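Okay, structure first, notes after.
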Amino acid sequence: MIIHPGLYVILASVPVFLGLLLQPLHLGDFFSFQPNTGHISPPRILLLTAHPDDETFFFGPTITSLIPSFSMSESVSSMENASDPLIRRFPQVYSLCFSVGNADGLGDIRRHELEVSLDVLGVAGDKRWVLDKVEFQDNINAGWDAILIADTIYKYVVDYNISIILTFDSYGVSGHPNHFSLYRGVSRLLAALPAGTRYPIAAYSLKSKPVIIKYMGILAPLLVKLKVVSSRAVDTLTHGTLGNFVSPVQPVFVAGVKEYRRTVSATLRHRSQRAWFRWLYMAFSQYMWVNEWERIHAIED
């Protein structure tokens, strides 16, 4: 029996691709920017979402990277004032959801589903909030006032000493006006902060992708990781060492299989949202695997 040489290549490639899928990857650094407080402290990261299930459908790779496991999250939270600098720099993740998602009258149910989802993701109960205000109701046909959003965020930034804010970009991934209203609110907040506190806060937005790229599914993490591997190989050939490889400035979080499964598990807690197309989304959306971030800058208008 003669085996085609191409089959050997395919068989040899399988372990490589499996290895790439299994391991998570983080490029760039949210944490190089920290307030000059005079002491080592963990980064305090506030994730802003518009509706229950945003945290899993869009931000799962980042959350599962920042909170690698439940046990680690709990142990670090309990030792926040420990003397070990490595422990004290472990990020503290906060979540603020601006609505209960009551567009279909399911606000109470969706609020509970969000709580259970955040349990699965590992966000501590005292680090998460969901709003239910007239000004911020779930509405696909209307945006929210940027000034009111900025005022709302500012209270949490001050009360919890937030140093990094994460949210949607100016398109909001899906084009939902509630999503990109958060981006505008954060931009307005950065412009309105008093001079003494304006620069100790960094904000990042999740990059929206064209439809073809958005639904690459499992190819998305493979392509990102293959690009990194090839870049490091070229760097090694050029400089003779891996140590000279420079990560991109803009942060990227790529989930491994374990992280992807945790995001799917959290997503399934949103039982009221289990429409058929959401199963397709979990299978094919790159946002279940890859999050790319860009810096948000202050906008006056």
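The values are calculated or read from the model by the stated rules, or taken from the named source; none is laboratory data. Quick caveat, the model's predicted, so the values are computed rather than measured. Please note: Cβ atoms are built from the backbone with ideal geometry, for glycine as well, and neighbour counts cover all protein chains shown.
If you go through segment 73-104 and keep only what is part of a helix (DSSP H, G or I) and either buried (at least 18 other Cβ atoms within 10 Å of the Cβ) or at pLDDT below 90 (or both), you end up with SER73, GLU74, SER75, VAL76, SER77, SER78, PRO85, LEU86, ILE87, ARG88, ASN102.
Out of everything in segment 92-112 that is within 18 Å of the chain's Cα centre (by Cα) and among the aliphatic types (A, V, I, L, M), what residue ends up being farthest from PRO177 (Cα to Cα)? Before the answer, list the steps.
Residues of segment 92-112 within 18 Å of the chain's Cα centre (by Cα): 92-98.
From what's left, among the aliphatic types (A, V, I, L, M): 93, 96.
Working: VAL93: 25, LEU96: 17 Å.
Ranking the candidates gives VAL93 first.
Would segment 167-182 turn up any residue that is over 19 Å from ASP53 (Cβ atoms) and at pLDDT 95 or above? Scanning segment 167-182 turns up at least one residue that is over 19 Å from ASP53 (Cβ atoms) and at pLDDT 95 or above. Count of segment 137-162 residues, restricted to those that are assigned to a helix (DSSP H, G or I) and either β-branched (Val, Ile, Thr) or touching a residue at least 60 places away in the same chain (Cβ under 8 Å) (or both), is 7.
Picking from residues in segment 213-232 that are touching a helix residue (DSSP H, G or I) at 6+ places or on another chain (Cβ under 8 Å) and of a type in the set (Lys, Arg), the one that is modelled with the highest pLDDT is LYS214.
Would you call VAL290 modelled with pLDDT under 85, within 25 Å of ILE63 (Cα to Cα) and in contact with a helix residue (DSSP H, G or I) (Cβ under 9 Å, 6 or more places away or on another chain)? First the steps, then the outcome.
Values: modelled with pLDDT under 85: no; within 25 Å of ILE63 (Cα to Cα): yes; in contact with a helix residue (DSSP H, G or I) (Cβ under 9 Å, 6 or more places away or on another chain): yes.
Taking the combined requirement at face value, the residue does not satisfy it.
Restricting attention to segment 113-125, the residues that are more than 18 Å from the chain's Cα centre (by Cα) and either in a loop (DSSP other than H, G, I, E, B) or farther than 14 Å from ALA266 by Cβ (or both) total 1. Within the option set PHE30, PHE70, PHE57, being at pLDDT 95 or above and among the aromatic types (Phe, Trp, Tyr) holds for one residue only, PHE57. Counting only residues that are among the β-branched types (Val, Ile, Thr) and either touching a Ser or Thr at 6+ places or on another chain (Cβ under 8 Å) or surrounded by fewer than 17 Cβ atoms within 10 Å (Cβ to Cβ) (or both), segment 144-203 holds 8 of them. Among the criteria (1) within 18 Å of LEU114 (Cβ to Cβ); (2) at pLDDT below 95; (3) assigned to a loop (DSSP other than H, G, I, E, B), the one ARG269 does not fulfil is (2).
Restricting attention to segment 264-292, the residues being surrounded by 22 or more Cβ atoms within 10 Å (Cβ to Cβ) and without any contact (Cβ under 8 Å) to a residue 40 or more places away in the chain number 0.
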